[in-house]
Amino acid sequence: MTERHASRLAAAKGTVPPEPREVPRHVACVMDGNGRWAARRSLPRTSGHRAAETTVIDVIEAARAAGVGWLSLFAFSTENWRRPDTEIEFLMHLVRRVVRKHAPLLHARGIRCRFLGMTDPRIPPGLARDIADLMTLTGKNRQMTLTVAFDHGGRRDIVEAARSLIRSGVPSEAVTEESFAAHLPFPDTPDVDLVIRTSGEQRISNFMLWQVAYAEWVFPPALWPDFRAPDFLECLHTYRQRERRFGGVLPNQNGETRS
Ligand code: IPE
Ligand code: IPE
Ligand code: MG
C-alpha cells in the first residue's frame, strides 16, 4: 500500500481530515502520434517528430506549474530500433539538438533531468555526452524530476534488475518487491500515478512496466504535436475524478463498505 493510499484510507475512516484531491505525484506520457500528424499534412514522418518539440516544452512547463513532482516522457523505445535508419538518425539528431537548446531553460526551472535506458551501442557518442552533461548540470535540482525514457524497454529493465540482484548474491528468500525494485534503474522513482498516451492508441508498448502497476490511464485523442498545456491539465482533471482503490475498498460516506 502506498503512503498516499494509506492516508486516503485513514481519511475515509475519519481519523484525519480528508486530503485535497491532489495532483498526481508522477505523470508519465507516451508521446504518440507524430507520424500520423505528419501524414495528415502529407509531410514526411520526421516533420511530426520536429513538431513534437513544442509539445514537450509545453508539457514540461505545465507539469511543473501544476506541482507535478515527477514527469516521465517516453521518447524512444527498444522496439523503435526497428524503424527505418533515416528516421532513427533524425530522432538522434533531434534529441541532441533539443537537449543542447533547452538545457539552460530546464536548469533555470529547477528541473532535474534523467535519461532512462540509453544502453544501446547505436546511440551516437555525441548525444550520450550531451545527455550526461545535462544530467550533471541539473543533478541537484529539486523542483521536478524529468525522466526521458530513451532507448527504454520495461522488460529490459526488469531483466537487468534480475541480473543485478543475482550478481549481488541475495538469497532467493530475501527477494521481495522492495529489494527487487531497488535494482531497477533510478530506484528512487515513485510509482507512476497517471499515464497519458496521446493519439488515441491504447497500448502500454513496453513502457515502465514495473512502475505503472497501479497507474491510472488516460487516452486523449490529440496527436502528440497537437497536444498542449490545456490538454495536459484536462488529463490531471480526469485523474482527480478517479477513485483509486489499489485492490482494497474505500468506505463510503456512511461508513459502509461498497460491495
Ligand atoms: C511517437 O510518434 C514518437 C516515437 C515513437 C519516436 P510515432 O512516430 O509513433 O507516430 P505514429 O504512431 O506513427 O503516428
Ligand atoms: C511507443 O510508441 C514509443 C514511444 C512513444 C517512444 P510506438 O508508436 O513506437 O508504439 P507502438 O508501435 O504503436 O506500440
Ligand atoms: Mg506510434
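Details
- The lone exception for Thr2 - which of (1) farther than 20 Å from His102 by Cα; (2) open to solvent by 30 Å² or more (accessible area, probe 1.4 Å); (3) at pLDDT 95 or above it fails: (3)
- Any hit, the range 73-84, residues being within 15 Å of ligand 1 (Cβ to nearest atom), assigned to a strand (DSSP E or B), hydroxyl-bearing (Ser, Thr, Tyr) and open to solvent by less than 80 Å² (accessible area, probe 1.4 Å): yes
- Looking across the range 33-45, the residues that are open to solvent by 30 Å² or more (accessible area, probe 1.4 Å) and either among the polar types (S, T, N, Q) or near ligand 1 (Cβ under 9 Å from one of its atoms) (or both) come down to Arg36, Trp37, Ala39, Ser42, Arg45.
- Leading residue by the ranking (nearest to Pro230 (Cα to Cα)) among those in the range 52-80 that are of a type outside the set (Ser, Thr, Tyr) and within 9 Å of ligand 2 (Cβ to nearest atom): Leu73
- In the range 46-61, of all residues being in contact (Cβ under 8 Å) with a residue 40 or more places away in the chain, more than 16 Å from Val148 (Cα to Cα) and of a type in the set (Gly, Ala, Ser), the one that is nearest to ligand 1 (Cβ to nearest atom) corresponds to Gly48.
- Complete set of residues in the range 118-174 that are hydroxyl-bearing (Ser, Thr, Tyr) and free of Cβ contacts under 8 Å to residues at least 40 places away in the same chain: Thr119, Thr136, Thr138, Ser164, Ser168, Ser172
- Figure legend. Inter-residue proximity from the range 22-37: first residues at pLDDT 95 or above, second residues open to solvent by 30 Å² or more (accessible area, probe 1.4 Å) and within 14 Å of ligand 1 (Cβ to nearest atom), beta-carbon distance below 6 Å, spacing 6+ or different chains. Indicated pairs: Asp32/Glu201; Gly35/Arg45.
- For Tyr214, the criteria (1) in contact with a Phe, Trp or Tyr (Cβ under 8 Å, 6 or more places away or on another chain); (2) within 16 Å of ligand 1 (Cβ to nearest atom); (3) open to solvent by 30 Å² or more (accessible area, probe 1.4 Å) hold in every case but one, which is (2).
- Scanning the range 218-230 for residues that are without any contact (Cβ under 8 Å) to a residue 40 or more places away in the chain and either within 16 Å of ligand 3 (Cβ to nearest atom) or touching a Ser or Thr at 6+ places or on another chain (Cβ under 8 Å) (or both) turns up Val218, Phe219, Pro220, Pro221.
The values are calculated or read from the model by the stated rules, or taken from the named source; none is laboratory data. Since the structure is predicted, the reported quantities are computational estimates derived from the model, not experimental observations. No Cβ is skipped: glycine too gets one built from the backbone with ideal geometry, and neighbour counts run over all protein chains shown. Side chains included, ligands, DNA and RNA excluded: accessible areas come from the protein's heavy atoms. Shrake-Rupley method; radii C 1.70, N 1.55, O 1.52, S 1.80 Å.
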